[in-house]
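Everything on this sheet refers to the single structure shown next.
The values are calculated or read from the model by the stated rules, or taken from the named source; none is laboratory data. Predicted model only: the values in this text are computed from it and were never measured. For neighbour counting, all protein chains shown are included, and Cβ atoms are generated from backbone atoms with ideal geometry for every residue, glycine included. Surface areas here come from the heavy atoms of the whole protein model, side chains and all, with no ligands, DNA or RNA. Shrake-Rupley method; radii C 1.70, N 1.55, O 1.52, S 1.80 Å.
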Amino acid sequence: MLTSERHQLILQIVKEQGVVKIQDLVDATQASESTIRRDLTVLEEEQFLKRVHGGAAKLHGMIIEPSMPEKVNRNLSEKQKIAKFAASLVEEGDCIYLDAGSTITEMIDYLPEKDLVVVTNGLMHVERLLDKGIRVYVTGGYAKAGTRALAGGSALISLEQYHFDKCFLGANGIHTVHGFTTPDPEEALVKKKALSMSRETFVLADNTKFGEISFAKITDLKKITIITDALDEDIIDLYKDKTTVRVVTS
């Protein structure tokens, strides 16, 4: 089978099944596992699919944004592992920014009982932070019904008042070429402003976000640490020269 024919067959299978394992592609094409892995790398770079743990998956639309209620229980155990590790990075006396993401929401339960200040644009975060006795400041802006996030010019202006030790962000897409992306341009600007006001920035994202590209760019990969769950080594290899990837296993 020619390389072009194999690529077309791989794309057809991914389109039909949504997610496919490497072994299934090996069986379908009669190619070696190493050949399929190289094919998937090429097809991801050409933005036809994305690599996932153990296989490949169909790309989502660039403007698709699940609502917060939809996202809360999706990949929950993975989000909790990532969130627990991220919370362990918070130190006594830190002032931190918490983005309005579902994985960031899970961080709150794990935040240490220390002298801590939190600034957030996440409406769902506020009650949980107050219940923990944490001092919290909320950005200005208009409230988005779907993501429960505050965005817009007022959010950007209010963020200029603060400086953060650490900034924790969510992203809908992580790509070796296109960096961190999200569907809403106004939310992208809020994320970008927050990270510009912080000494350190961490993006919390489960493995399904890798290889995805959304409509609005947040920033490039450099200078930001990604905290994620299980990733294949060849996927990690694509990112390790561009940024720091912390893989949480438990």
Q: May I ask you to verify whether THR208 is surrounded by fewer than 18 Cβ atoms within 10 Å (Cβ to Cβ) and outside any strand (DSSP E or B)?
A: no
Q.
Return the residues of the stretch 2-31 that are surrounded by fewer than 12 Cβ atoms within 10 Å (Cβ to Cβ), more than 29 Å from the chain's Cα centre (by Cα) and not polar (S, T, N, Q); say none if nothing qualifies.
A. LEU2, GLU5, ASP27
**Q.** Selection within the stretch 167-184 - open to solvent by less than 10 Å² (accessible area, probe 1.4 Å) and in contact with a His (Cβ under 9 Å, 6 or more places away or on another chain)
**A.** GLY173, THR181
**Q.** Selection from the stretch 185-205 of residues that are open to solvent by 50 Å² or more (accessible area, probe 1.4 Å), of a type outside the set (A, V, I, L, M) and outside any strand (DSSP E or B)
**A.** PRO185, GLU186, LYS192, LYS193, SER196
Q.
Quick check on this structure: which one of ILE104, ILE108, ILE63 is open to solvent by 80 Å² or more (accessible area, probe 1.4 Å), touching a residue at least 24 places away in the same chain (Cβ under 8 Å) and under 17 Å from ALA149 (Cβ atoms)?
A. ILE63
Q. Can you tell me how many residues in the stretch 211-230 are in contact with a helix residue (DSSP H, G or I) (Cβ under 7 Å, 6 or more places away or on another chain), in a loop (DSSP other than H, G, I, E, B) and of a type in the set (D, E, K, R)?
A. 1
Q. For the stretch 231-250, which residues satisfy the criterion of being open to solvent by less than 40 Å² (accessible area, probe 1.4 Å) and in a loop (DSSP other than H, G, I, E, B)?
A. LEU231, ASP232, THR243, VAL248
**Q.** Complete set of residues in the stretch 112-166 that are open to solvent by 30 Å² or more (accessible area, probe 1.4 Å), among the β-branched types (Val, Ile, Thr) and not in a strand (DSSP E or B)
**A.** VAL126, ILE157
Q: Provide a single number: the residues in the stretch 79-99 that are of a type in the set (A, V, I, L, M) and either over 20 Å from LYS192 (Cβ atoms) or open to solvent by 10 Å² or more (accessible area, probe 1.4 Å) (or both).
A: 5
(Q) Which pairs turn up if I take residues in the stretch 21-36 that are closer than 15 Å to HIS53 by Cα and look for partners that are outside any helix (DSSP H, G or I) and not aliphatic (A, V, I, L, M) with beta carbon separation below 7 Å, at least 6 apart in sequence or on another chain? (A) LYS21/GLY54; LYS21/GLY55; ILE22/GLY54; ILE22/GLY55
